[in-house]
2 protein chains.
Amino acid sequence: MRLSRFHLSTSKETPADAEIVSHQLMLRTGMIRKLAAGIYTWSPLGLRVLRKVEAVVREEMNAAGAIEVLMPSIQPQELWEETDRWAKFGGQLLKIRDRKDGAFCYGPTHEEVITDFARNELKSYKQLPLNFYQIQTKFRDEIRPRFGVMRAREFLMKDAYSFHLSEDDLAREYENMKAAYTRIFTRLGLAFRAVQADSGAIGGDASQEFHVLAESGEDALAFSTGSDYAANVETAQAAAPGPRPAAAETLRKVDTPTQKTCEEVAALMGIPLQRTVKSVAVIGEDGFVLALVRGDHSVNEIKLAKVAGLTEYRPAGEAEILEHLGSEPGFLGPLGAKKPIRVVADREVAAMADFVVGANEAGYHLAGVNWGRDLAEPDVVADIRSVLAGDRAADGGEIKLARGIEVGHVFQLGQKYAKAMGATVLDEQGKSQVMHMGCYGIGVSRIVAAAIEQNFDDRGICWPEPMAPWRVAICVINPKNDAAVNQVVEQLYADLQAAGVDVLWDDRGLRPGPMFADMELIGIPHRIVVSERGVQAGTFEYRSRRAEAAEALSREDVWQRLGLG
Amino acid sequence: MRLSRFHLSTSKETPADAEIVSHQLMLRTGMIRKLAAGIYTWSPLGLRVLRKVEAVVREEMNAAGAIEVLMPSIQPQELWEETDRWAKFGGQLLKIRDRKDGAFCYGPTHEEVITDFARNELKSYKQLPLNFYQIQTKFRDEIRPRFGVMRAREFLMKDAYSFHLSEDDLAREYENMKAAYTRIFTRLGLAFRAVQADSGAIGGDASQEFHVLAESGEDALAFSTGSDYAANVETAQAAAPGPRPAAAETLRKVDTPTQKTCEEVAALMGIPLQRTVKSVAVIGEDGFVLALVRGDHSVNEIKLAKVAGLTEYRPAGEAEILEHLGSEPGFLGPLGAKKPIRVVADREVAAMADFVVGANEAGYHLAGVNWGRDLAEPDVVADIRSVLAGDRAADGGEIKLARGIEVGHVFQLGQKYAKAMGATVLDEQGKSQVMHMGCYGIGVSRIVAAAIEQNFDDRGICWPEPMAPWRVAICVINPKNDAAVNQVVEQLYADLQAAGVDVLWDDRGLRPGPMFADMELIGIPHRIVVSERGVQAGTFEYRSRRAEAAEALSREDVWQRLGLG
């Protein structure tokens, strides 16, 4: 591509409203332009990158045996009623009325549509297994769209849905998709990690997320040094605690006039924070619950919501706390409640002896508290806390934390959707069987932003080669319009094209400074400068985007740097 | 592709609700599945065809120098207010409210969005000309979606928008796009015609439509045998009439007790229908208007709406007719109206003498009517009638009619959008200039249906090769599972793939009848049958989709039929 025939519009200013580096650089390079909150136009430059990602995803999905389809963006309410998600999906579902007052939504995902397709198309086990995918535009009406295409409302997604006669076959395809995802992110040149995940609103049995590792990532991930265990902090578990020690202290009341936090109480008493217990009051389906975690731990909301009766819990209000515990917040504890309460203890707390809790009386805590002796054993013992860096992992290693950007997600949905929508096939015995389903998503447009978060410097983007808008930039310095220089450039451009290299010729006639700045900003991996001096010396000035400096190289050496042998 | 690893689901039944052959065949082949009125899922088979069309369109747009972008489907109301189209676009505009009560629409077209993009990106004439295009999903809330993807609500479109400093440069790009469209439809193997068109709701100065010719086409097209003149009947003109003959008859009243139509009056009087004049009463911006066309002609609504004061006319009601003409419908005419009326005469009517019109009195007509003598000359003389087959064309040839399906449309928009939205650049003198714009659309998904309307027989679709889901089908007849047959098939499949041929191997193990029926239904251009008998004879059974019968051919001859040299 000759740049004079393209449209490039870069800017030196960092946009004020862009908080993260990928958003800033996508605006500065002109890759995207905002049309409305969370809604962007992809410029020619941005689209080149998006299409490269799309192509890799498509090739690997095809290679993995998935079959491409294209489903509509507009979906009828009736289908979503069948799975009960019309009401349950929440505010992200953009609801629409057409001119005949029919109710539709702009699809945020396509489980209902593909299951409807499958129940109409598939009649026999002989047609299975099948994995349908599409690369298609989705809309989620985010309450706070931000970070450019990282959390946009309209976005491009690859979503795949597989259908199986048995759970075992679903598990096989799930592994097949995980392997395909690994190939996709590897081919794209990204540092990534597959981690165990919560399956969230989509529901289902097993799921894993694929994260691009980046400091700016919204998700916290936990790894173990002892194995390849990796999980989203939403679900990550540390090793189970050891057995509970015997009680050694007697129960006593401690004056804590202004000490309302575990940290303050521990400091006042001169004991480790690990000896205190934090009491968190919530309201679940069956009423008031006191959740207990160690003073240095925090309640993991996703884990707590998995405790029976707490599926949709909320924090208790001050009046509810007063009614049940007889105390103001800051001095809460499981002993001496006004009304009978349900106690859910983290398994670490259940293994503690001689601990400190609030006395349910303003200005006091209790110390030397022991289960069984001073209060009944907890109603529920469960892992309800988030892991911390340095925790011991179940495999004996140490827990480390990192941050990631979720770019892929694989789920074993099981029969949830197929059962709700009556998607059945006849098995070998002619018996009707509900199909098992998997679903597999990749945020195609988000990958573009995630890749930048992982690959940039102070001069701009440093694209991994497979995602770069062009692999090679030819920059010409020829103020005298020297014919020999022009000839070398034309030949170089033609030779690279003939070698199948995606090459950009910056023929805009800019001075070297702004020209180089643009090529670095937009992140072209290889730059070749053709100048009068170089032509006379028979060399090209070559520079890799990540290199410290340029080198004068022969044509052969340039070819070799480009991997052209 | 091995068919056992694909998903094909054909049907013998013709769907009851599909009125036209392309809709029937797209459902029978399983190319599309209906999700809601005018909203379809593209199955793996259908998507293969759609992507082939898309690829040809993209290649030719790129070759013509257009640059691909991707604009959002969801567009904010504010932009549409700038061009006054939020209200004016009508019911096809699907309006949406997001969770924050912001007003948006699902883009039916992208003039506003691209003009907003251009006014932000383009500052100088040096950046021009530019032609941005996208291949993107649009939604038009058709009041009566029908004919499958032919008139769907959600559909795939290629839309391009060009920007220019001058009208001349716009005209140059307009010709460039016409040439690109001609290459696109030629490459796709379609019989098509470019015709002059009305520019309709998009507005603007010059426009042409590209039609795939098919008997089932919704549009009537007029051609001249005298030149390459071609136009949509909406705008097609016949030659202007000769001079008006002198009056020869006297005005007289004729008894026409029950004769209300020109045909009935002409029959009663024993005169040619061409001697009568039809009076059509309408209400325009300035009130009551009587439009006159010759008895054998019909009023062309689009032409009539171009007469000053009739931009948004409607038929007059009986009460309005009685009030102005003093008569019931069936006996209307321009003489003796009760109130002063405006008369708009077709230019053919203005050139008539001694004609017959209604008398504005139930049961009577007037004969021997002459302009200037019996009534004033018409207030307006204009071409307001539709052409008929056999009319003399302006070039001296004869008008012929055909039917077409509109698949492309090119417009010179001029400054309409750029002016409304303030899209300017600085010219060489540093003066701000409103840009000139062109827009160029292709109905990508509609092309698939249009191609079928033009290419089918009683066995199914006969794809033009460039659009076929696969070029070649290999069918295997091997009930004994003969190893030699299997080896020949494997080799043939591998050789064709190595030759770059898009080949489908029907390895489902069906009997020949259903297998051949499927391959014919889905329209694969070349079929190669491998059977035990053929393998023994060293031949393949080859059949072109359009051929009467199969032939036993050597490998070399098959290769030659496939154009593989």
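Observations on the structure shown:
- Considering only the range B:470-561, percent of DSSP beta bridges that pair antiparallel, nearest 5: 40
- Of all DSSP beta bridges in chain B, antiparallel share, percent nearest 5: 80
- Viscosity 0.692 mPa s, 37 °C: Kirkwood-radius Stokes-Einstein D of the range B:252-382 over Cα pairs, µm²/s: 227
- When only alpha carbons are used to place a centre, the range B:474-523 and the range A:547-565 end up 48 Å from one another.
- Principal axis dimensions, largest first and in whole angstrom, of the range A:470-561 by Cα: 30, 27, 22
- CD proxy at 222 nm, helix term only [per DSSP H run n ≥ 4: -39500 (n - 2.57); per residue of the protein assembly as shown; nearest 500]: -7500 deg cm²/dmol
- Mean shadow area of the range B:342-402 over all directions, Cα convex hull, nm²: 5.9
- Here the protein assembly as shown has an Rg and Dmax of 37.1, 132 Å, counting Cα atoms alone.
- Copies compared at residue A:182 - label distances in nm, ascending, label defined 7 Å from Cα in the Cβ direction: 5.6
- Filtered GluC sites (Glu not before Pro), the range A:13-65: DSSP coil and at most 16 other beta carbons within 10 Å: A:13, A:19
- Cut-off 16 Å, label 7 Å out along Cα→Cβ of residue A:457, residues of the range A:499-532 by amide N: A:516-528
- With only the Cα atoms considered, chain B has a convex hull volume of 210 Å³ per residue.
- Interface size B-A, as summed buried accessible area [1.4 Å probe, Å², nearest 100]: 4300
- Taking the C-alpha atoms of the range A:79-176, convex hull volume expressed per residue in Å³: 141
- Shown in residue order for the range A:37-54 are the 3J(HN,Hα) couplings computed by the Karplus curve 6.51 cos²θ - 1.76 cosθ + 1.60 at θ = phi - 60°: 4, x, 10, 10, 8, 8, 6, x, 5, x, 5, 4, 5, 4, 5, 5, 4, 4 Hz (x for Gly and Pro).
- Probe 1.4 Å - accessible area at residue A:229, Å² to nearest ten: 50
- In this assembly of identical copies, the label point of residue B:326 (Cα plus 7 Å along Cα-to-Cβ) is separated from its counterparts by 10.3 nm, sorted shortest first.
- Signed unit charges on C-beta, dipole axis of the range B:371-452, positive-most listed residue B:417, B:386, B:371: B:417
- Across the alpha-carbon atoms of the range B:429-503, the computed radius of gyration and Dmax are 23.5, 83 angstrom.
- Rolling a 1.4 angstrom probe over the protein heavy atoms with all chains in place gives chain B an accessible area of 40 Å² per residue.
- Averaged over the residues of peptide A:76-83, the number of Cβ atoms from other protein chains lying within 10 Å of each residue's Cβ is 1.
- Percent accessible area from carbon and sulfur atoms, chain B, protein chains only, probe 1.4 Å: 49
- Candidate aspartates and glutamates for bridging to residue A:339, where Cα separation is under 20 Å - those fewer than 8 sequence places away on the same chain excluded: A:285, A:286, A:318, A:320, A:323, A:328, A:361, A:374, A:377, A:379
- Taking every alpha-carbon pair under 8 Å whose residues sit at least 6 apart, chain A reaches a relative contact order of 17 percent.
- Shielding by other protein chains, A:97-103, mean Cβ within 10 Å: 5
- Peptide packing: for A:553-560, B:446-453, B:544-551, B:209-216, the average count of neighbouring Cβ atoms within 10 Å per residue gives the ranking B:446-453, B:209-216, A:553-560, B:544-551, highest mean first.
- When peptides B:149-157, A:245-253 are sorted by average Cβ neighbour count within 10 Å, with the highest value leading, the order is B:149-157, A:245-253.
- Solvent-accessible surface (1.4 angstrom probe) belonging to residue B:419, in square angstrom, nearest 10: 140
- Inter-centroid distance (Cα atoms) of the range A:410-430 relative to the range A:41-64, Å: 32
- Rounded to 5, percent antiparallel among DSSP beta bridges of the range B:252-382: 65
- With the cut-off at under 16 Å, measuring from each backbone N in the range B:490-526 to a point 7 Å along the Cα-to-Cβ line of residue A:124 picks out B:507-516, B:518.
- Cα principal axis extents for the range A:171-286, largest first, Å: 62, 36, 29
- The range A:46-135 - convex hull of alpha carbons, volume per residue in Å³: 133
- At 7 Å out from Cα toward Cβ: residue A:509 inter-copy label distances (nm, ascending): 7.0
- Cβ-Cβ FRET estimate between residue A:263 and residue A:228, R0 fixed at 56 Å, reported to 0.05: 0.95
- Rotational relation A to B, axis-closest Cβ in chain A, residue and distance rounded to whole Å: A:96, 3
- Relative frequency of Cα-Cα separations exceeding 21 Å in the range B:1-102, percent: 61
- Rounded to 0.05, the FRET efficiency of the residue A:398 and residue A:215 pair, given R0 = 25 Å and the Cβ-Cβ distance, is 0.75.
- Isotropic mean projected area of the C-alpha convex hull, the range B:366-438 (nm²): 11.8
- Distance violations [Cα-Cα > 27 Å] among A:303/A:431; A:88/A:303; A:158/A:416: A:303/A:431
- Threshold 50 Å² - residues in the range B:116-134 whose accessible area is reduced by that much or more when the chain is no longer isolated, probe 1.4 Å: B:117, B:121
- Centre-to-centre, using Cα atoms only, the range B:120-197 and the range A:161-192 are separated by 39 Å.
The values are calculated or read from the model by the stated rules, or taken from the named source; none is laboratory data. Remember, it's a predicted structure, so these values are computed and weren't measured experimentally. Neighbour counts are summed over all protein chains in view; Cβ atoms, including those assigned to glycine, are modelled from backbone coordinates with ideal geometry. Accessible surface is based on the protein model in full, side chains and every heavy atom, while ligands, DNA and RNA are left aside. Shrake-Rupley method; radii C 1.70, N 1.55, O 1.52, S 1.80 Å.
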